[in-house]
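First up is the structure itself, then whatever we jot down about it.
The values are calculated or read from the model by the stated rules, or taken from the named source; none is laboratory data. As the structure is a prediction and not an experimental result, all values here were calculated from the model. Methodologically, a virtual Cβ is constructed for each residue, glycine included, from the backbone with ideal geometry; neighbour enumeration extends over all protein chains shown.
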Amino acid sequence: MTKVHAGRIAVVALVLAVPATSLAQDGGFEPPRTEWGDPDLRGHYLPGPYQALETPTSEWVPPEGANQGQGAAFSRFFEPDPDAPARPTPARPDGPMIIDPPSGRVPFQPWATEQRNEIMARQDQLEHLDPRVKCLPAAFPRAHLPVGYNTYQIEQGPGFVLMLYEWNHHSRYIPLDDSPHIDPAIRLGMGDSRGRWEGNTLVVDTTNFTDNTWPVGHGAPPEGAPGSALSTGHGVFHSGQLHVIERFTFIDANTIQYTATIEDADVFSQPWTLRYNALQRAADDHMLFEYACHEGNGRNLSLMTGIDVEAARVHPIP
């Protein structure tokens, strides 16, 4: 993949609003300050260690030879390839990211549980395909979940925070000026974000999403697994009523804890909250990579275009 120079930057912290009993505290860590006095989030970050998002509601044993959810990403992007970026190796936490409800499960309404299982059973059909596989926006909190080929860069100025994502070259401008959300008729794949500081925590309120993304999903689910057996968050959909509140909080000089509360009364029976050490400070020489979403994505290009991409591919002359 081609590397894109992205300048050096420091760190960011963004966490979602959750019930008072489960909010991450600053823990006494005092982050550095910008020239204008805000916590300094500027920098490059890597995703945190893999962690199950949810607790499965059923057991499922994949057939012999099925893809176990590994090897679905481009192998050259990961160690031990010499071009792979260094990755943090903190201990993998026990338990799922979802901290509320205590079951660790996405609180679907009954009809939505059935719909999720149908979505996962029909991943060979375009209309049910994972939106990220179709190179649609990641939305939130999915854009901050642990995927090895998504890294981050944070910029700040007086009155705003700017987040850059390797995934599909997304960018996110977060004003801190108490301005209202845009007109509800305007819908955006990454939503409309408004931020504020609560002590050393950056709180971001995002609305106005389109309804063609999944709010969660990370890693690669085992092939053929029903939604009830997944721990990755795949197949979790939402309506246009999606509302996400995030909190980014430094817990030490190199780690930003991310908490997100997801609300959508059309799909979920209650708001639900996940928490995860999502941003790990990268090395000083880290750069964002160019994420070419459809590069080598022959099977899914065929689904989307009806063209046998592999047959049309130009092969080198022996």
field: Residues that are within 12 Å of HIS234 (Cα to Cα) and aliphatic (A, V, I, L, M), drawn from the range 115-130
entry: ILE119, MET120, ALA121, LEU129
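In the range 199-229, which residues are of a type in the set (D, E, K, R) and touching a strand residue (DSSP E or B) at 6+ places or on another chain (Cβ under 8 Å)?
If the condition is that a residue be of a type in the set (D, E, K, R) and touching a strand residue (DSSP E or B) at 6+ places or on another chain (Cβ under 8 Å), then ASP205 is the only one that fits.
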statement: Scanning the range 151-165 residue by residue, the ones that are in contact with a strand residue (DSSP E or B) (Cβ under 6 Å, 6 or more places away or on another chain) and outside any strand (DSSP E or B) total 1
query: Name the pairs whose Cβ atoms lie under 9 Å apart, with the first residue in the range 201-217 and under 19 Å from VAL106 (Cβ atoms), the second of a type in the set (S, T, N, Q) and part of a strand (DSSP E or B), and 6 or more positions between them or separate chains?
result: THR206/SER193
- prompt: If you check ALA138 against the conditions, is it small (Gly, Ala, Ser), modelled with pLDDT of 95 or more and crowded, with 18+ Cβ neighbours inside 10 Å?
  reply: no
query: Residues of the range 202-230 being surrounded by fewer than 20 Cβ atoms within 10 Å (Cβ to Cβ), within 18 Å of the chain's Cα centre (by Cα) and at pLDDT below 95, which ones?
result: ASP211, ASN212, ALA220
statement: Selection over the range 176-201 where residues are part of a loop (DSSP other than H, G, I, E, B) and crowded, with 18+ Cβ neighbours inside 10 Å yields a count of 4
- line: The residue that is nearest to VAL216 (Cα to Cα), considering only those in the range 260-278 that are part of a strand (DSSP E or B) and small (Gly, Ala, Ser), is ALA260
- request: Give the residues of the range 231-259 that are over 14 Å from the mean Cα position of the chain (by Cα), more than 25 Å from PRO184 (Cβ to Cβ) and in a strand (DSSP E or B), sorted by residue number.
  value: THR249, PHE250, ILE251, ASP252, THR255, ILE256
